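Just so you know, all these numbers are worked out from the coordinates, no wet-lab data involved. All of these numbers come straight from a predicted model, not from anything done at the bench. Please note: Cβ atoms are built from the backbone with ideal geometry, for glycine as well, and neighbour counts cover all protein chains shown.
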Amino acid sequence: MMELDLDDFAEAELDLAYLSAGTAISTHYDMSTAADLTACLDELTHRLTSAPSRT
């Protein structure tokens with residue numbers, strides 16, 4: 001079981017590097033609601049399960 005205390009303000013930095021493509025992505029999150037945490041975890045899941053873009 002996980003409990004999220006929404007009275008506290010949290011921050012997270014999501015840094016991902018694609019070594020084969022030579023790219024890095026950094027996203028900062030200010031998390032004050034459960035929806036903010038969900039957005040951060042959704043992006044992490046998406047990045048870990050998809051191929052890097054070639055842009």
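A few points about this structure:
- Cα→Cβ-extended label distance, 7 Å offset, between residue 20 and residue 38, nm: 3.3
- Under 5 Å from the amide H of residue 31 lie the amide H atoms of 10, 11, 12, each residue being 5 or more positions distant or on a separate chain, with H modelled from the backbone and absent for Pro and chain starts.
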